[in-house]
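Notes for the one structure printed next.
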Amino acid sequence: MQTSFHIQIRISITSLAMFLVKTWRSLAFGLYGYKNFMKSGFVLLFNVREHSKNFRPEDMQVQLDGKNCIVTGANSGIGYATAEGLASRGATVYMVCRNKERGEAALSEIQSVTGSKSVYLEICDISSISDVKSFAARFSSKDVPVHVLVNNAGLLENDRRTTSEGYEMNFAINVLGTYTMTELMLPLLEKAAPDARVITVSSGGMYTVPLMEDLQFSSNKFDGVEQYSRNKRVQVALTEKWADMYKDKGIGFYSMHPGWAETPGVDRSLPNFSKLLSGKLRTSKEGADTVIWLALQPKEKLVPGGFTLTEPKRLSTYLLQLQRALMLLLTPLLVTSELCLIYSHMNHS
């Protein structure tokens, strides 16, 4: 007696298309990144910039005396290099760090290297909305204008963890923390208008994913790298939206990609990537170069809401489709922690 088995496989055309698009995005980004985002790409870009008709070497020599700058995640990596670069140009720098011990060590180093005593440490856990609110209240009492806010604090956590407030950890730091800090600093940024600006350290990895309504990555098997990329795309979308919403307030909003840099965060979150490309990745200082450039340039030279990769450019218009829904979702989080209520509102509106 012969038994036959038939296996029928049905592949959704939509699922296949999504798989192919995701694969293509990742492959294209990887190849482009290998050529442009590492140390060799930085050297090439730097040389091109220096020989450009529109680039003047003195653009990077601008002094920031009398300017107040806030840098989040400033105790190491790109945040540290940014804080040092701003302090060395005469700015008063407020380093926002989660860990007091590491923050104090970084503060001492920057003061020693730059010779500046106008560098201060502020303790705040960006993953906690309540902590960010507390910091904003304390800092606002200083009543000083904020000329530059650098949203640098970020995280790539490979395992799904939630904060004490119930938010997925990557999302809490990369999106909620960035959003809450920016919104609560607006009154002090307005005091520095028309020269105020917000610079968010995003990532070219955001090119590999679309905007998603599942901001906390709760519907599928968790992927930390994909969640990080989603968060970074949200940051860029928020930057464009902020630039449009506050265009009459004298505040500039910009986001940027630092390239593939060798930082403690990369070593911890992507150890295999870090080992494979050891010696080829950009330094933290090279990664911070574009942040410094954006902080120094006259706003007339910058693209409002622009994402600076190799040059300021606006994202494709299809990114605008979810921005309104995104702002509706995020704004209430300043007064409520019930994300599910916002999801419910979106689903029934």
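Since every read-out is calculated from the coordinates, none of them should be taken as a lab result. Since we're looking at a predicted model, the values are computed, not measured.
Quick look at the values:
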item	result
29 Å Cα-Cα threshold exceeded, pairs from LYS100/LYS142; LYS67/LYS247; LYS117/LYS301; LYS241/LYS299	LYS117/LYS301
Qualifying aspartates and glutamates (Cα of each under 19 Å from Cα of LYS249; at least 8 residues distant if same chain)	ASP143, GLU183, GLU190, ASP195, GLU240, GLU300
